[in-house]
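The structure follows.
The values are calculated or read from the model by the stated rules, or taken from the named source; none is laboratory data. Just so we're clear, the structure is a prediction, and the values are computed from it rather than from any experiment. Heads up, the Cβs are rebuilt from the backbone with ideal geometry, glycines too, and the neighbour counts pull from every protein chain shown.
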Amino acid sequence: MLANYLEIKPEVKKALEEGKAVVALESTIISHGMPYPKNVETALNVEKIIRENGAIPATIAILNGKLKVGLSEEEVAYLGKAENVVKTSRRDIPFIVSQKLDGATTVASTMIIAALAGIKVFATGGIGGVHRGAAETMDISADLQELANTDVAVVCAGAKSILDIGLTLEYLETQGVPVVGFKTEELPAFYTRKSGFKVDYKVDSAEALANALKAKWDLGLKGGMVVANPIPEAYQMDYDTINTAIEAAVIEADKKGIKGKESTPFLLSKVKEITEGKSLEANIQLVYHNAKVGAQLAVELAKLG
(Lines give C-alpha, C1' and ligand atoms only; values in the text may rest on other atoms or scores of the structure.)
Protein backbone atom coordinates (compact mmCIF):
# COMPACT_ATOMS: atom_id res chain seq x y z
CA MET A 1 0.00 0.00 0.00
CA LEU A 2 2.90 2.34 0.76
CA ALA A 3 3.80 2.49 -2.94
CA ASN A 4 0.48 4.26 -3.57
CA TYR A 5 1.63 7.17 -1.41
CA LEU A 6 5.44 7.25 -1.51
CA GLU A 7 7.51 8.33 -4.51
CA ILE A 8 11.29 8.02 -4.17
CA LYS A 9 13.51 9.76 -6.72
CA PRO A 10 15.39 7.07 -8.75
CA GLU A 11 18.81 8.37 -7.67
CA VAL A 12 17.81 8.21 -4.00
CA LYS A 13 16.18 4.78 -4.38
CA LYS A 14 19.32 3.37 -6.04
CA ALA A 15 21.54 4.76 -3.26
CA LEU A 16 19.31 3.23 -0.57
CA GLU A 17 19.21 -0.16 -2.32
CA GLU A 18 23.01 -0.14 -2.57
CA GLY A 19 23.44 0.86 1.09
CA LYS A 20 24.99 4.21 0.23
CA ALA A 21 24.79 7.40 2.29
CA VAL A 22 21.60 9.45 1.95
CA VAL A 23 20.64 12.61 3.87
CA ALA A 24 17.03 13.75 4.23
CA LEU A 25 16.19 17.47 4.04
CA GLU A 26 12.99 19.28 5.03
CA SER A 27 10.97 21.62 2.82
CA THR A 28 9.41 24.02 5.34
CA ILE A 29 12.67 25.96 5.24
CA ILE A 30 12.00 26.49 1.50
CA SER A 31 8.33 27.46 1.59
CA HIS A 32 8.01 29.09 5.03
CA GLY A 33 11.52 29.73 6.33
CA MET A 34 13.14 32.16 3.88
CA PRO A 35 12.12 34.67 1.21
CA TYR A 36 12.31 33.88 -2.52
CA PRO A 37 14.78 33.52 -4.26
CA LYS A 38 17.11 33.05 -1.27
CA ASN A 39 15.13 29.96 -0.19
CA VAL A 40 15.62 28.14 -3.51
CA GLU A 41 19.29 29.14 -3.78
CA THR A 42 19.91 27.90 -0.21
CA ALA A 43 18.07 24.59 -0.77
CA LEU A 44 20.06 23.81 -3.92
CA ASN A 45 23.34 24.77 -2.23
CA VAL A 46 22.51 22.44 0.67
CA GLU A 47 22.04 19.57 -1.79
CA LYS A 48 25.38 20.47 -3.43
CA ILE A 49 27.19 20.44 -0.06
CA ILE A 50 25.78 17.00 0.75
CA ARG A 51 27.03 15.66 -2.58
CA GLU A 52 30.47 17.23 -2.04
CA ASN A 53 30.70 15.32 1.24
CA GLY A 54 29.94 11.92 -0.25
CA ALA A 55 26.19 11.51 0.25
CA ILE A 56 23.00 11.78 -1.82
CA PRO A 57 20.51 14.53 -0.83
CA ALA A 58 16.81 13.70 -0.48
CA THR A 59 14.71 16.83 -0.04
CA ILE A 60 11.27 15.77 1.20
CA ALA A 61 7.88 17.34 0.50
CA ILE A 62 4.30 16.43 -0.39
CA LEU A 63 3.32 17.41 -3.94
CA ASN A 64 -0.18 16.82 -5.29
CA GLY A 65 -0.75 14.43 -2.38
CA LYS A 66 2.37 12.30 -3.04
CA LEU A 67 5.06 11.83 -0.38
CA LYS A 68 8.13 12.82 -2.38
CA VAL A 69 11.60 11.71 -1.29
CA GLY A 70 14.06 13.61 -3.45
CA LEU A 71 12.99 16.63 -5.51
CA SER A 72 14.00 17.97 -8.91
CA GLU A 73 15.34 21.53 -9.23
CA GLU A 74 11.99 22.51 -10.76
CA GLU A 75 10.10 21.12 -7.76
CA VAL A 76 12.37 22.99 -5.33
CA ALA A 77 11.78 26.20 -7.31
CA TYR A 78 8.01 25.57 -7.25
CA LEU A 79 8.04 25.21 -3.46
CA GLY A 80 10.05 28.41 -3.18
CA LYS A 81 7.49 30.44 -5.11
CA ALA A 82 4.08 28.82 -4.49
CA GLU A 83 1.82 30.52 -1.97
CA ASN A 84 -0.57 27.68 -1.21
CA VAL A 85 1.89 25.16 0.25
CA VAL A 86 0.66 23.92 3.64
CA LYS A 87 3.12 23.70 6.53
CA THR A 88 2.73 19.98 7.28
CA SER A 89 3.40 18.13 10.53
CA ARG A 90 2.33 14.60 11.57
CA ARG A 91 -1.34 15.48 12.13
CA ASP A 92 -1.65 17.15 8.71
CA ILE A 93 -0.25 14.35 6.51
CA PRO A 94 -3.50 12.35 6.00
CA PHE A 95 -5.39 15.44 4.86
CA ILE A 96 -2.67 16.85 2.60
CA VAL A 97 -2.34 13.40 0.98
CA SER A 98 -6.06 12.57 0.65
CA GLN A 99 -6.93 16.02 -0.69
CA LYS A 100 -3.98 15.92 -3.11
CA LEU A 101 -2.52 19.17 -1.79
CA ASP A 102 1.06 20.47 -1.60
CA GLY A 103 2.76 20.28 1.78
CA ALA A 104 6.10 21.53 3.09
CA THR A 105 7.44 19.13 5.70
CA THR A 106 8.49 20.17 9.20
CA VAL A 107 11.10 18.31 11.26
CA ALA A 108 8.44 15.84 12.48
CA SER A 109 6.92 15.02 9.10
CA THR A 110 10.33 14.90 7.38
CA MET A 111 11.43 12.32 9.97
CA ILE A 112 8.29 10.24 9.34
CA ILE A 113 8.71 10.22 5.55
CA ALA A 114 12.48 9.68 5.77
CA ALA A 115 11.87 6.63 8.00
CA LEU A 116 9.26 5.27 5.53
CA ALA A 117 11.91 5.49 2.80
CA GLY A 118 14.65 3.95 4.98
CA ILE A 119 16.73 7.11 5.47
CA LYS A 120 18.45 7.38 8.86
CA VAL A 121 20.04 10.85 8.80
CA PHE A 122 18.30 14.20 8.43
CA ALA A 123 19.97 17.64 8.36
CA THR A 124 17.98 20.75 9.21
CA GLY A 125 18.36 24.21 10.77
CA GLY A 126 17.03 23.83 14.30
CA ILE A 127 14.47 21.59 15.97
CA GLY A 128 11.18 22.78 17.40
CA GLY A 129 10.57 22.46 21.11
CA VAL A 130 8.76 23.77 24.14
CA HIS A 131 7.64 27.35 23.49
CA ARG A 132 8.10 30.12 26.02
CA GLY A 133 5.03 30.32 28.24
CA ALA A 134 4.19 26.65 27.61
CA ALA A 135 3.15 26.22 31.27
CA GLU A 136 0.01 28.18 30.31
CA THR A 137 -0.33 27.45 26.58
CA MET A 138 0.94 23.82 26.38
CA ASP A 139 2.58 24.85 23.09
CA ILE A 140 5.05 22.02 22.50
CA SER A 141 6.34 21.11 19.05
CA ALA A 142 5.44 17.70 17.59
CA ASP A 143 9.16 17.45 16.68
CA LEU A 144 9.95 16.31 20.23
CA GLN A 145 7.51 13.41 20.24
CA GLU A 146 8.77 12.36 16.82
CA LEU A 147 12.33 12.32 18.11
CA ALA A 148 11.12 9.97 20.86
CA ASN A 149 9.55 7.52 18.43
CA THR A 150 11.13 7.67 14.97
CA ASP A 151 14.54 6.16 14.19
CA VAL A 152 16.17 9.14 12.45
CA ALA A 153 19.17 11.16 13.65
CA VAL A 154 18.59 14.91 13.34
CA VAL A 155 21.64 17.11 12.73
CA CYS A 156 20.73 20.66 13.77
CA ALA A 157 22.11 23.83 15.36
CA GLY A 158 20.31 22.93 18.59
CA ALA A 159 16.87 24.26 19.46
CA LYS A 160 15.68 27.51 17.95
CA SER A 161 16.48 30.27 20.41
CA ILE A 162 12.89 31.56 20.24
CA LEU A 163 12.02 28.53 22.44
CA ASP A 164 12.34 27.68 26.13
CA ILE A 165 15.54 25.69 25.77
CA GLY A 166 15.62 24.42 29.36
CA LEU A 167 12.13 22.93 29.14
CA THR A 168 12.89 21.52 25.68
CA LEU A 169 15.85 19.61 27.12
CA GLU A 170 13.75 18.37 30.06
CA TYR A 171 11.13 17.05 27.64
CA LEU A 172 13.74 15.26 25.53
CA GLU A 173 15.30 13.72 28.65
CA THR A 174 11.91 12.39 29.77
CA GLN A 175 11.41 10.82 26.34
CA GLY A 176 14.88 9.23 26.39
CA VAL A 177 16.21 11.20 23.41
CA PRO A 178 20.00 11.67 23.53
CA VAL A 179 21.14 15.26 22.93
CA VAL A 180 24.69 15.01 21.62
CA GLY A 181 27.05 17.92 21.06
CA PHE A 182 29.18 17.60 17.93
CA LYS A 183 32.54 18.91 19.13
CA THR A 184 30.82 20.90 21.88
CA GLU A 185 29.75 20.41 25.50
CA GLU A 186 27.17 23.20 25.31
CA LEU A 187 23.92 23.07 23.40
CA PRO A 188 24.01 25.66 20.61
CA ALA A 189 21.01 28.00 20.40
CA PHE A 190 20.59 28.25 16.64
CA TYR A 191 22.05 31.73 15.97
CA THR A 192 24.68 31.41 18.73
CA ARG A 193 27.13 28.74 19.80
CA LYS A 194 26.11 29.02 23.43
CA SER A 195 22.86 28.68 25.35
CA GLY A 196 23.94 28.15 28.95
CA PHE A 197 22.78 24.50 28.80
CA LYS A 198 24.93 21.37 28.63
CA VAL A 199 24.42 18.48 26.19
CA ASP A 200 24.17 14.86 27.37
CA TYR A 201 27.31 13.75 25.53
CA LYS A 202 30.06 15.40 23.52
CA VAL A 203 31.21 13.50 20.41
CA ASP A 204 34.22 14.58 18.36
CA SER A 205 33.79 12.62 15.11
CA ALA A 206 31.13 11.43 12.69
CA GLU A 207 32.47 7.90 13.15
CA ALA A 208 31.80 7.97 16.92
CA LEU A 209 28.31 9.34 16.28
CA ALA A 210 27.58 6.55 13.78
CA ASN A 211 28.76 3.91 16.26
CA ALA A 212 26.47 5.29 18.97
CA LEU A 213 23.49 5.35 16.59
CA LYS A 214 24.14 1.79 15.44
CA ALA A 215 24.32 0.59 19.06
CA LYS A 216 21.09 2.43 19.91
CA TRP A 217 19.09 0.94 17.06
CA ASP A 218 20.71 -2.54 17.27
CA LEU A 219 19.52 -2.66 20.89
CA GLY A 220 15.96 -1.81 19.84
CA LEU A 221 16.03 1.57 21.60
CA LYS A 222 13.51 3.34 19.40
CA GLY A 223 13.66 7.01 18.59
CA GLY A 224 16.10 9.46 17.13
CA MET A 225 19.03 11.47 18.35
CA VAL A 226 19.62 15.21 18.41
CA VAL A 227 23.06 15.92 16.94
CA ALA A 228 23.69 19.50 18.07
CA ASN A 229 26.15 21.10 15.66
CA PRO A 230 27.06 24.73 16.49
CA ILE A 231 26.91 27.47 13.88
CA PRO A 232 30.45 28.25 12.61
CA GLU A 233 32.05 30.87 14.84
CA ALA A 234 32.49 33.38 12.00
CA TYR A 235 28.73 33.51 11.43
CA GLN A 236 27.29 33.40 14.93
CA MET A 237 25.36 36.41 16.17
CA ASP A 238 26.04 38.38 19.31
CA TYR A 239 24.34 36.55 22.19
CA ASP A 240 22.79 39.65 23.80
CA THR A 241 21.71 41.20 20.48
CA ILE A 242 19.85 38.11 19.33
CA ASN A 243 18.19 37.50 22.70
CA THR A 244 16.98 41.12 22.87
CA ALA A 245 15.50 40.71 19.37
CA ILE A 246 13.81 37.45 20.35
CA GLU A 247 12.30 38.95 23.50
CA ALA A 248 10.81 41.79 21.43
CA ALA A 249 9.46 39.32 18.84
CA VAL A 250 7.88 37.10 21.52
CA ILE A 251 6.13 40.11 23.12
CA GLU A 252 4.74 41.18 19.73
CA ALA A 253 3.53 37.64 18.91
CA ASP A 254 1.76 37.51 22.27
CA LYS A 255 0.06 40.87 21.67
CA LYS A 256 -1.12 39.75 18.23
CA GLY A 257 -2.35 36.39 19.53
CA ILE A 258 -0.09 34.42 17.17
CA LYS A 259 0.09 30.76 18.28
CA GLY A 260 0.66 27.20 17.11
CA LYS A 261 2.22 26.51 13.72
CA GLU A 262 2.15 30.22 12.82
CA SER A 263 4.36 31.26 15.73
CA THR A 264 7.77 30.04 14.49
CA PRO A 265 7.59 31.66 11.00
CA PHE A 266 6.34 34.89 12.58
CA LEU A 267 9.07 34.98 15.22
CA LEU A 268 11.87 34.17 12.75
CA SER A 269 10.60 36.84 10.35
CA LYS A 270 10.37 39.40 13.15
CA VAL A 271 13.89 38.59 14.39
CA LYS A 272 15.17 39.00 10.82
CA GLU A 273 13.49 42.42 10.64
CA ILE A 274 14.88 43.53 14.03
CA THR A 275 18.42 42.34 13.19
CA GLU A 276 18.26 43.98 9.74
CA GLY A 277 18.68 40.68 7.91
CA LYS A 278 21.72 39.44 9.84
CA SER A 279 19.75 36.55 11.35
CA LEU A 280 18.87 35.26 7.86
CA GLU A 281 22.53 35.03 6.86
CA ALA A 282 23.32 33.22 10.12
CA ASN A 283 20.41 30.84 9.43
CA ILE A 284 21.76 30.01 5.96
CA GLN A 285 25.30 29.36 7.18
CA LEU A 286 24.21 27.06 10.02
CA VAL A 287 22.08 25.02 7.58
CA TYR A 288 25.10 24.62 5.28
CA HIS A 289 27.22 23.47 8.21
CA ASN A 290 24.57 20.96 9.30
CA ALA A 291 24.35 19.59 5.75
CA LYS A 292 28.10 18.95 5.77
CA VAL A 293 28.06 17.15 9.13
CA GLY A 294 24.89 15.26 8.17
CA ALA A 295 26.59 13.93 5.03
CA GLN A 296 29.68 12.89 7.00
CA LEU A 297 27.48 11.06 9.51
CA ALA A 298 25.49 9.32 6.76
CA VAL A 299 28.74 8.16 5.12
CA GLU A 300 30.02 6.66 8.39
CA LEU A 301 26.67 5.03 9.12
CA ALA A 302 26.59 3.47 5.63
CA LYS A 303 30.02 1.90 6.31
CA LEU A 304 28.53 0.07 9.31
CA GLY A 305 25.81 -1.50 7.17
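Report yes if some residue within region 264-272 is without any contact (Cβ under 8 Å) to a residue 60 or more places away in the chain and outside any helix (DSSP H, G or I); otherwise report no. Please lay out each step first, then the result.
Start the filter on region 264-272 by keeping residues that are without any contact (Cβ under 8 Å) to a residue 60 or more places away in the chain, which leaves 266, 269-270, 272.
Cutting the leftovers down to outside any helix (DSSP H, G or I) gives us none.
Checking region 264-272: not a single residue is without any contact (Cβ under 8 Å) to a residue 60 or more places away in the chain and outside any helix (DSSP H, G or I).
Another question, then. Between a residue in region 152-168 that is at pLDDT below 95 and any residue that is part of a loop (DSSP other than H, G, I, E, B) and basic (Lys, Arg), which pairs come within a Cβ distance under 9 Å, given they are 6 or more apart or on different chains?
Listed by first residue and then by second, the contacts come to ILE162/ARG132; LEU163/ARG132; ASP164/ARG132.
When you scan region 88-146, how many residues do you find that are farther than 24 Å from PRO230 by Cα and acidic (Asp, Glu)?
Counting residues in region 88-146 that are farther than 24 Å from PRO230 by Cα and acidic (Asp, Glu) gives 4.
Given the conditions (1) buried (at least 16 other Cβ atoms within 10 Å of the Cβ); (2) among the basic types (Lys, Arg); (3) closer than 26 Å to VAL40 by Cβ, and given that LYS81 satisfies all but one, which numbered condition is not satisfied?
So the condition that LYS81 fails would be (1).
Taking LEU209 as the residue in question, decide whether it is part of a helix (DSSP H, G or I) and hydrophobic (A, V, I, L, M, F, W, C).
Values: part of a helix (DSSP H, G or I): yes; hydrophobic (A, V, I, L, M, F, W, C): yes.
Taking the combined requirement at face value, the residue satisfies it.
Would you mind telling me which numbered condition in (1) free of Cβ contacts under 8 Å to residues at least 60 places away in the same chain; (2) out of contact with any strand residue (DSSP E or B) (no Cβ under 8 Å at 6 or more places or on another chain); (3) farther than 18 Å from ALA24 by Cα ALA108 fails?
Status for ALA108: all satisfied but (3).
Quick check on region 170-190: of everything there that is closer than 21 Å to ALA210 by Cα and charged (D, E, K, R), which residue is surrounded by the most Cβ atoms within 10 Å (Cβ to Cβ)?
The qualifying residue surrounded by the most Cβ atoms within 10 Å (Cβ to Cβ) is GLU186.
Each row is one residue, and each column tells you yes or no for (1) over 17 Å from the mean Cα position of the chain (by Cα); (2) crowded, with 24+ Cβ neighbours inside 10 Å; (3) among the charged types (D, E, K, R); (4) in a helix (DSSP H, G or I).
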{"site": "ALA3", "(1), (2), (3), (4)": "yes, no, no, yes"}
{"site": "ALA15", "(1), (2), (3), (4)": "yes, no, no, yes"}
{"site": "PRO35", "(1), (2), (3), (4)": "yes, no, no, no"}
{"site": "ALA58", "(1), (2), (3), (4)": "no, yes, no, no"}
{"site": "ILE112", "(1), (2), (3), (4)": "no, no, no, yes"}
